[in-house]
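The values are calculated or read from the model by the stated rules, or taken from the named source; none is laboratory data. Model, not experiment: these values are computed from the prediction. Counting neighbours? That spans all protein chains shown, and the Cβs are built from the backbone with ideal geometry, glycine included.
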Amino acid sequence: MKKYCLYSLIGLLAAGFMACKKSQLEVYQNNPRVYFSAADLTYSFATRSSTMMKDTVLFRLNYIGLRLNEALPVKISVVTDKTTAAAGTDYELLPSYTMPAGKFSDSLRLVVRRTPGMATTAVKLVIALQPADNYAIGLNKNGKELTFTINDILTKPSSWESYLVPYFGAYSKAKYRFMIDTLGLSDFPYDMTRNGQLLYLKVKVATALAAYEKEHGPLVDAETGNTVFFPA
């Protein structure tokens, strides 16, 4: 009798557990969600070549729910009262994106364009997910909006004074811009001092400056009025 009662109790507990799991699964089935992975992303043209006038920025969109058997269209809108970037001038954004079938995360694309004003003032683009009948948006309170900050503001590398001065001399924006355009590099890690790479880059950029001066005359920094040169 005791064994019978014990088996009955185990059976009831198992049935209750399965009913609970089934109930949870049913709620899960009825609540698919999409959300952004990040809240803020920054893109700067400053460390790209001067000839690069547009680029593509990737951002992640995630999906929670049962596996998609077909692509899920997702609506995205611009939050105009938080946005200073101009559509078609500073960026190109599709009005809708699609989460591919079978995927739970995908990279979406935003085209950003380089404009003269970005050299002094960053622009912001804020986008928001729009809810639909077949999905909800956000993960708790997060993931509903994404802010892009786009600029072309060149800033002095923190490593310049510590170990770049002996190779490239005093910093100026015109010099750094010339180095980026010539070398295709904006970052010069300390390891470059150990293998002679910085010395090679110094010779390369100095040679390029000599060729520039022969064709165009001295390269002058607009902010300081000083002529750009590299140490001998």
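For the reader, a short list of remarks on this structure follows.
- For the stretch 159-183, a residue qualifies if it is closer than 12 Å to Val205 by Cβ and either among the aromatic types (Phe, Trp, Tyr) or modelled with pLDDT under 95 (or both), and the qualifying residues are Tyr167, Phe168, Tyr176, Phe178.
Yes/no matrix, rows are residues, columns are (1) assigned by TED's automatic domain parsing to the domain that holds Asn142; (2) touching a residue at least 40 places away in the same chain (Cβ under 8 Å); (3) surrounded by fewer than 18 Cβ atoms within 10 Å (Cβ to Cβ); (4) within 17 Å of the chain's Cα centre (by Cα):
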position: Tyr63; (1), (2), (3), (4): yes, yes, no, no
position: Leu66; (1), (2), (3), (4): yes, no, yes, no
position: Leu72; (1), (2), (3), (4): yes, yes, no, no
position: Ala87; (1), (2), (3), (4): yes, no, yes, no
position: Thr98; (1), (2), (3), (4): yes, no, yes, no
position: Arg109; (1), (2), (3), (4): yes, yes, yes, yes
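- Of the criteria (1) closer than 29 Å to Thr83 by Cα; (2) among the charged types (D, E, K, R); (3) without any contact (Cβ under 8 Å) to a residue 24 or more places away in the chain; (4) not assigned by TED's automatic domain parsing to the domain that holds Leu68, which one Asp133 fails: (4)
- Scanning the stretch 204-224 for residues that are more than 19 Å from Leu183 (Cβ to Cβ), in a loop (DSSP other than H, G, I, E, B) and at pLDDT 95 or above gives Gly217, Pro218.
- Just one of (1) loosely packed, with under 14 Cβ neighbours inside 10 Å; (2) closer than 16 Å to Tyr35 by Cβ; (3) among the aliphatic types (A, V, I, L, M) fails for Ile76. It is (1).
- Here Asn195 passes the criteria (1) part of a loop (DSSP other than H, G, I, E, B); (2) touching a helix residue (DSSP H, G or I) at 6+ places or on another chain (Cβ under 8 Å) except the one numbered (2).
- Neighbours by Cβ (under 6 Å, 6+ apart or cross-chain): first from the stretch 188-210, more than 17 Å from Ser162 (Cα to Cα); second not in a helix (DSSP H, G or I): Ala206/Phe230
- Some residue of the stretch 138-150 being farther than 30 Å from Leu68 by Cβ and either in a helix (DSSP H, G or I) or out of contact with any Phe, Trp or Tyr (no Cβ under 9 Å at 6 or more places or on another chain) (or both): no
- Restricting the stretch 155-206 to residues that are β-branched (Val, Ile, Thr) and more than 29 Å from the chain's Cα centre (by Cα) leaves a set whose member that is surrounded by the most Cβ atoms within 10 Å (Cβ to Cβ) is Val205.
- When Ala128, Ala119 are checked against the criterion of being under 30 Å from Lys202 (Cβ atoms) and touching a residue at least 12 places away in the same chain (Cβ under 8 Å), Ala119 stands alone in meeting it.
- Single match in Leu58, Leu41 (criterion: within 28 Å of Lys141 (Cα to Cα), under 15 Å from the mean Cα position of the chain (by Cα) and loosely packed, with under 11 Cβ neighbours inside 10 Å): Leu58
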